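The values are calculated or read from the model by the stated rules, or taken from the named source; none is laboratory data. This one's a predicted model, so the numbers in the text were calculated from it and none came from an experiment. Cβ atoms come from the backbone with ideal geometry, glycine included; neighbour counts cover every protein chain shown. Heads up: the accessible areas ignore ligands, DNA and RNA and are worked out on the full protein's heavy atoms, side chains in. Shrake-Rupley method; radii C 1.70, N 1.55, O 1.52, S 1.80 Å.
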Amino acid sequence: MINTISVREELEKSGSQKALHITLPFYENGRPLCSTESEKHALWGMTLLKAGSMRFRWNESNENRRATLKKILSEIKKPVCSGNCSSAEGSCDCKSRLAPIELIHSKDVFVTQKEGDTKNLKGDGLITKNPLLVPAVTVADCLPLFLYDRKNKATGAFHSGWKGTGIAGNGVKKMQEEFGSKPEDILAAIGPHIGSCCYFVDKERADYFTQNFGKKCIEKAENPASEEEADLIKRFPYRLSLTEANLFILKQAGIKEENITVAEDCTCCTSFADGTKVFGSFRRQAAFLPPQIDADTRSRSMTVQAAFVMMNV
Ligand SMILES: [Zn+2]
């Protein structure tokens, strides 16, 4: 059985509604896999609406992103040096380092093994075996997906929007090729993204998904919740579940159901009890801006979240 969690519930349970980010464990055989003194494991996480935009472009600076992610990374305990860091041996002052990538809605996955080697890289997925590196992508409605090979201690973070759906399979394949990972040792987590509650598509896209990623990811849209939604359904009569599409891909790649975790939150509509939204969302914040708004302004209107995977060192 697939493991499901709710980021909103986790935050509310711990009274962390004002938190800037959350980190969560992977699940193995239906149970959370937590680090022990003798064995460390990976965590996946993402920033939240309250953290502000984590927008990332190689040719831009984003002070909010720099400061926020630096703080998140500094909270990770100092690891034992793996010998992979860039410091000279013996003078090591190891700390986890961010490995970012500029997204292009592709299915391209790259390997990163030392700090800085993703510089100017464009693609949508990163894998590493260096426990000090923190592969990071950004999302705002697109699906963040994380992999952890618990035997090889390899991690990966992927950005899977509708165009990039399939990158999860490429990620598993790349881990097999590069690190000799076995699908039965790989744990997967699907982070918060736009749910089928809020994601309407036309017939062409619905057909593309059922043909490639199984029938379960498309549902006929019925019972609109509002007049606005009724209008939308006239043009986009199907609901798309990126969760189901990615579960199809992960299972096809040989990942065991009981090793998969799905966050059931919808980035578009999930709210705390007081009504404030939990996540940034393209659809909620930018999709319905007037048509004269240019693409760049539109993309700056949404709160992009950083999604990352790191060894709990
Ligand atoms: Zn929703």
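Here are a few things to note about the model shown:
- Cα gyration tensor shape of segment 192-313, rounded if a/c is under 1.5, else prolate or oblate by comparing a/b with b/c: oblate
- Cross-link reach list, lysines versus Lys251, counting only Cα pairs under 22 Å and skipping chain neighbours closer than eight places: Lys107, Lys151, Lys153, Lys163, Lys173, Lys174, Lys182, Lys215, Lys216
- Taking every protein chain into account, the 1.4 Å probe leaves Ser38 with about 110 Å² of accessible area, to the nearest ten.
- Ratio Rg/Rh, restricted to segment 146-260 and using Cα atoms, in which Rh is the Kirkwood radius: 1.07
- Mean-position separation - Cα centroids, segment 280-313 and segment 228-267, in angstrom: 19 Å
- Highest GNM mean-square fluctuation among Leu250, Leu133, Leu289, for the chain modelled with Cα contacts below 10 Å: Leu289.
- Sites count as exposed loop sites when they are chymotrypsin sites (Phe, Trp or Tyr not before Pro), lie in a DSSP loop, and have at most 16 other Cβ atoms within 10 angstrom; the longest stretch of the chain without one is 59-271.
- Oblate is the label for segment 207-275, because a/c, from the alpha-carbon gyration tensor with a ≥ b ≥ c as root eigenvalues, is 1.5 or above and a/b does not exceed b/c.
- Loop-located GluC sites (Glu not before Pro) across segment 174-221 with a Cβ neighbour count of 15 or fewer within 10 Å are lacking, with loop assigned by DSSP.
- Residue-count net charge about Tyr148 - beta-carbon cut-off 12 Å; Lys, Arg +1, Asp, Glu -1: +2
- Partner aspartates and glutamates for Lys122 [C-alpha distance under 20 Å; skip if fewer than 8 residues away on the same chain]: Glu60, Glu102, Asp108, Asp141, Glu178, Asp296
- Cα-Cα P(r), segment 254-313, percent of pairs per 10 Å interval: 17, 33, 30, 16, 4
- On the chain, 49 percent of the accessible area sits on carbon and sulfur atoms, based on a 1.4 Å probe.
- Label-point separation, Lys234 to Arg300 (7 Å along Cα→Cβ), nm: 3.4 nm
- Accessible area, probe 1.4 Å, largest first, for residues Val111, Val134: Val111, Val134
- Residue-normalised accessible area of the chain, expressed per residue, 1.4 Å probe, Å²: 47 Å²
- When Cys34, Cys217 are compared by accessible area of protein heavy atoms, the largest-first order is Cys34, Cys217, using a 1.4 Å probe.
- Summarising the label geometry, the points placed 7 Å from Cα in the beta-carbon direction at Ser226 and Ala287 lie 1.2 nm from one another.
- Relative to one another, the C-alpha centroids of segment 187-202 and segment 103-164 are positioned 18 Å apart.
- Cα shape, the chain, gyration tensor, a/c 1.5 rule: prolate
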